[in-house]
Amino acid sequence: MLGFAFALTCAMLVAEAVGGAVSGSLALLADAGHMLVDAASLLLAWWAARVAVRPADARRSFGYARLEVLAGFTNALVQVLLVVWIAYEAIGRLMNLRGMEIRSGLMLGVAIAGLIVNTVVLRMLHGHGHEDINVAGASLHVFGDLLGSIATVAAALLVRYLGWNWADPALSLLVSLLILRGAWLLLRRSSHILLEGVPEGLAPEEIRVAAAQADADILEVHHLHVWQIASGSRMATLHARLREGADAQAGLLAIKRVLRERFSIDHTTVEIETRVCADDDADCTQRVPHRH
């Protein structure tokens, strides 16, 4: 399914790039750039689905899941460069409308074909987006491109029937804004993961309190770190101080269960302490109410 969607998108990408160059339409070239981003996201979704199943090895103990994030970060930077080029060209054309000639018939035909292809690809992906986060992300890219195709068709109609040549560079700026929005969201999300930030929707203090209340023998929880390797792959490390004589295994299992069930953190590393904290830089003075 992803492979066929990728093939369709690539075919339309080439058609729009050639059509934009021949017709003189910047809107078509901008939409081709947007479809290039979509093709990359579809390829990434297909590739990630296969690479993610590779087991961890001696050099990569967490496996290969973070390649998805690195690819997304690179993809976002490329999108930003693409937007800069489109904006530069559009402003230049708006300042020199008299010298601009557009073959509106060819532009309209290619734009309509692009709209049809994007509609088909979106329908293919729509039924699977709830099952796979990669497919859901690819669907979001294609939906943005569908909006871009609508803008390109509108520009072609305005140029052909009203002679408004300014509509082509003006609407190409609109398409570039769609690209920029998607690029910014992707760049922010991938950067946050690469910086090992706290996953969205999680609050470290809430997690710390929940872990401390997981078992009556837990006195405090500190040195808590929460991050993710890739989208949806949440991890945590923490220190838990227990009463002397407490069942360490029971406390460990209770913490892991709470973090898994309440916060969807499946990979948790817990250091059990019974007296003082082994790390000088840890905040070992906090006390958290616990259940009796």
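Answer with one residue from V83, A65, S25: the one whose Cα lies farthest towards the positive end of the charge dipole of the stretch 17-113, charges on Cβ with Lys, Arg +1 and Asp, Glu -1.
After comparing all options, I get A65.
Any idea what % of Cα-Cα pairs in the stretch 204-273 are farther than 22 Å?
Beyond 22 Å sits 14 percent of the P(r) for the stretch 204-273.
For the stretch 8-67, which chymotrypsin sites (Phe, Trp or Tyr not before Pro) pass both filters: DSSP loop (anything but H, G, I, E, B) and at most 13 other C-beta atoms within 10 Å?
F62
Add +1 for every Lys or Arg and -1 for every Asp or Glu among the other residues with Cβ under 13 Å from the Cβ of I265, and state the total. Before the final figure, lay out each step's value.
Values: positive: R208, R234, K256, R257, R260, R262; negative: E206, E261, D266.
That works out to +3.
Which order do peptides 204-210, 91-97 fall in by mean Cβ count within 10 Å, highest first?
204-210, 91-97
If you put +1 on each Lys and Arg Cβ and -1 on each Asp and Glu Cβ, how big is the dipole of the stretch 204-273 around its Cα centre, in Debye rounded to 20?
My answer is approximately 260 debye.
All of the numbers you see were taken from the coordinates with simple rules; none came from a lab. The structure presented is a predicted model; accordingly, all values stated were derived computationally and were not measured. Reconstructed Cβ throughout: ideal geometry from the backbone, glycine too, with neighbour counts over all protein chains shown.
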